[in-house]
Amino acid sequence: MIFRLSVKGKDRNKKERDKKGIVSMSKILIVEDEISIAELEKDYLELSGFEVEIETTGDRGLERAIREEFDLFILDLMLPNVDGFEICRRVREMKNTPILLVSAKKDDIDKIRGLGLGADDYMTKPFSPSELVARVKAHLARYERLIGSNVQENEIIEIRGIKIDKTARRVYVNGEEKSFTTKEFDLLTFLAQNPNHVFTKEELFNKIWDMESIGDIATVTVHIKKIREKIEFDTAKPQYIETIWGVGYRFKV
Ligand code: CA
């Protein structure tokens, strides 16, 4: 059977395509009040191709973490004004961005666990910068997989030379995009989704047009004619939308 409702890899939306290579292009925010540590982390991360910004106070870090788009946060716990626990908690209320907590005290690890802040990882100072880079990469890759699997793929109907992208509301005839009005698109899609089913003009009118719409079943005839002009090779001998005399129309497969 030629009719199929399929999902195509090449129709994945742009966002997902842009997500490719996220690991090497990611933007990271470090909130750390010890400048030398912050600079060291930044240097190593930049060497690995990341874009890195530093904030040295908790309030400023929190503000940017909430307002701006970053791909990962590295938060020191002991910070001026607002501590890392609070930043983590507030960010997690709004975003799923990976968070790596950094602490000077081993005891903090129990606290991090106990508070259930939603941090993805934690490290105790001193740590090796390459260990930090490895963990950052791992969390970004994991997050990318998570995001990627959540991206909805476009719903496509393909019948012989016609391809209807329901998600993008676009129609292609033999690879060439044709422009459709809203009602033309709705009518074509409805018929194509119910192949070989004969609908009366009344049924189609009630299905596609609101009750309040001005018009009558003649509107259906006019729209079928317009659709045929766009999809049929020869409108006198329609290959897709067939007229069933005295009854209505059907999409032939
Ligand atoms: Ca500190």
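Would you confirm, using the coordinates I've provided, whether R169 is at pLDDT 90 or above, more than 16 Å from the ligand (Cβ to nearest atom), open to solvent by 30 Å² or more (accessible area, probe 1.4 Å) and of a type in the set (K, R)? So R169 fits the description; yes.
Can you name every residue in region 208-226 that is at pLDDT 90 or above and open to solvent by 50 Å² or more (accessible area, probe 1.4 Å)? Hits for region 208-226 are T221, V222, K225, K226.
For region 92-110, filtering for residues that are within 35 Å of the chain's Cα centre (by Cα) and surrounded by 12 or more Cβ atoms within 10 Å (Cβ to Cβ) leaves 11.
Elements of the type helices (runs of 4 or more DSSP H) sitting completely within region 93-204 and holding at least 2 residues that are under 30 Å from F70 (Cα atoms) and among the aliphatic types (A, V, I, L, M): these cover 107-115, 129-150. Residue count for region 48-81 satisfying the condition of being on the phi > 0 side of the Ramachandran plot and more than 15 Å from the ligand (Cβ to nearest atom): 1.
Applying the condition of being open to solvent by 10 Å² or more (accessible area, probe 1.4 Å) and without any contact (Cβ under 8 Å) to a residue 60 or more places away in the chain to region 71-80 and asking which residue is farthest from I147 (Cα to Cα) yields P80. Among the conditions (1) at pLDDT 95 or above; (2) open to solvent by 40 Å² or more (accessible area, probe 1.4 Å); (3) outside any helix (DSSP H, G or I), L29 misses just one, which is (2).
The values are calculated or read from the model by the stated rules, or taken from the named source; none is laboratory data. Please read these numbers as outputs of a predicted model, since none were measured by experiment. Here Cβ is always computed from backbone atoms with ideal geometry, including for glycine, and neighbour counts include all displayed protein chains. In case anyone asks, the SASA skips ligands and DNA or RNA and just uses the protein heavy atoms, side chains included. Shrake-Rupley method; radii C 1.70, N 1.55, O 1.52, S 1.80 Å.
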